[in-house]
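Visitor: Take this structure first; my questions come after.
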Amino acid sequence: MSSDICFHVYVENDTCHIGSHYDDEHFDCGKKNCHRTKTRYPDGSVRLRNPNIELMDQDILYHLALGSGSHDLVEMFGDIKFVCMGGTPKRMENFAHFIMKEIGHKIPTGTTLMDISQYSYRYSMFKVGPVLSISHGMGVPSIGILLHEVIKLMYHAKCKDPIFFRIGTSGGVGLEGGTVVISDDAIDGMMNHYYEVPMLGKIVKRPAIFDKRLVRELRALAHPEDPYETVTGTTMCTGDFYEGQGRLDGAFCDYTETDKMEFLQLLKANGVRNIEMEAIPFAALTHHAGIRAADVCVTFLDRLKGDQVNAPKEVLEEWQRRPQQLVARYIKSTCRPKGGFLSTATDL
């Protein structure tokens, strides 16, 4: 590592480590191109890696139905510490009600939770105290667009060291349905560990890196008495639900079951525990923004045993609550005894 260039995000025993932590708000190594300095102001608030935004009269967050000129974003969102996102509006509305009970958040009598982004007709967003619950839609493009605007929202709201969670569903690779997987690595459909973004006719590759400490902290919150297994491992992110994941039940299929099984066994041998469609941009864009993030998914089936999700609806609904419960444990673990929230930068 050059003495003038630093890609660290935390220091331990006087050594700069790469791609693990974003949680020391007072840390500044003083070196050029320090990842922390690029993504945080001295007070820990989010700093964008785009100088153009500061020159704009207002920034319209089109897909969230918000704007820096039309809304007081600091007043509305300045206390956000956790951003939780999942695929469907209903799931994230349910999570908003669930986390409200878990953290003991009270709303005024006669009021109810409101979908802040309802007039965007794209995503749904609910605020519960320091927690933002947002639907991200399905697949790489949808979550990528949302992440751009939510990261900008964190900047405009002057949020300090927020933590992002994706709470999702997936197909297991050698794991039974109902297993919770905490991603410690991500690969795309070609087994690359980066997010490819075509920009101005060129491919830009951004490394897909999850916060390792956050992974460990979440894994430690799994209870021995939980009636299901919680594991860590690599998550494959594909651009398609059918052929991209080697299913045999799509409208088209140009490979055999033997081809499929050989590929899935290869994934398993390389530590892949589950397959979904958002991990790569989620890991890459949060890492690029210097935001600690974790992807926590439940498996709906073992892909080594089949392709179709055929568990009863009530079973699937119970399984979907499992990653929500783990993330809620993490959020609650940052609560002070009297209900206040610890600084996620310094007190974890």
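The values are calculated or read from the model by the stated rules, or taken from the named source; none is laboratory data. For clarity, every value in this text was computed on a predicted model and none was experimentally measured. No Cβ is skipped: glycine too gets one built from the backbone with ideal geometry, and neighbour counts run over all protein chains shown. Ligands, DNA and RNA are stripped out before the accessible areas are found, and what is left, the full protein with its side chains, is counted by its heavy atoms. Shrake-Rupley method; radii C 1.70, N 1.55, O 1.52, S 1.80 Å.
Visitor: Within the stretch 80-101, work out how many residues are open to solvent by less than 10 Å² (accessible area, probe 1.4 Å) and outside any loop (DSSP other than H, G, I, E, B).
Guide: To start, the set of residues in the stretch 80-101 that are open to solvent by less than 10 Å² (accessible area, probe 1.4 Å) comprises 80, 82-86, 92, 95-96, 99.
Restricting the remaining residues to those that are outside any loop (DSSP other than H, G, I, E, B) gives 82-86, 92, 95-96, 99.
Residues in the stretch 80-101 being open to solvent by less than 10 Å² (accessible area, probe 1.4 Å) and outside any loop (DSSP other than H, G, I, E, B): 9 in total.
Visitor: Scan the stretch 240-275 for residues that are in contact with a helix residue (DSSP H, G or I) (Cβ under 9 Å, 6 or more places away or on another chain), among the acidic types (Asp, Glu) and either open to solvent by less than 60 Å² (accessible area, probe 1.4 Å) or in contact (Cβ under 8 Å) with a residue 12 or more places away in the chain (or both) and jot them down.
Guide: none
Visitor: Taking the residues in the stretch 47-79 that are in a helix (DSSP H, G or I) and open to solvent by less than 60 Å² (accessible area, probe 1.4 Å) as candidates, determine which candidate is nearest to residue 127 (Cα to Cα). Before you say what the answer is, go through the steps one by one.
Guide: At the first step, the residues of the stretch 47-79 found to be in a helix (DSSP H, G or I) are 53-55, 62-64, 73-77.
Those left that are additionally open to solvent by less than 60 Å² (accessible area, probe 1.4 Å): 53, 63-64, 73, 77.
Details: 53: 25, 63: 17, 64: 13, 73: 13, 77: 8 Å.
Result: 77.
Visitor: Related question: Could you tell me whether residue 44 is surrounded by 15 or more Cβ atoms within 10 Å (Cβ to Cβ) and modelled with pLDDT under 55?
Guide: Numbers: surrounded by 15 or more Cβ atoms within 10 Å (Cβ to Cβ): yes; modelled with pLDDT under 55: no.
No; evaluated as a whole, the condition is false for this residue.
Visitor: Further question: Is the stretch 112-119 home to any residue that is in contact (Cβ under 8 Å) with a residue 12 or more places away in the chain, at positive phi and open to solvent by 40 Å² or more (accessible area, probe 1.4 Å)? Give the derivation first.
Guide: We begin by selecting, within the stretch 112-119, every residue in contact (Cβ under 8 Å) with a residue 12 or more places away in the chain; these are 113-119.
Those still in the list that are at positive phi too: none.
No; the residues of the stretch 112-119 include none that is in contact (Cβ under 8 Å) with a residue 12 or more places away in the chain, at positive phi and open to solvent by 40 Å² or more (accessible area, probe 1.4 Å).
Visitor: Additional query: Test of understanding: among 217, 262, which residue is in a helix (DSSP H, G or I), under 23 Å from the mean Cα position of the chain (by Cα) and among the acidic types (Asp, Glu)? It would help to see each step written out before you state the result.
Guide: Values: 262 fails: under 23 Å from the mean Cα position of the chain (by Cα).
Within the list 217, 262, the selection yields 217.
Visitor: From the residues in the stretch 120-132 that are touching a strand residue (DSSP E or B) at 6+ places or on another chain (Cβ under 9 Å) and outside any loop (DSSP other than H, G, I, E, B), which one is most open to solvent (accessible area, probe 1.4 Å)?
Guide: 127
Residues are listed down the side, and each one gets a yes or a no for (1) closer than 15 Å to residue 287 by Cβ; (2) surrounded by fewer than 24 Cβ atoms within 10 Å (Cβ to Cβ); (3) of a type outside the set (A, V, I, L, M, F, W, C):
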position	(1), (2), (3)
144	yes, yes, yes
149	no, yes, yes
153	no, no, no
158	no, yes, yes
163	yes, no, no
176	no, yes, yes
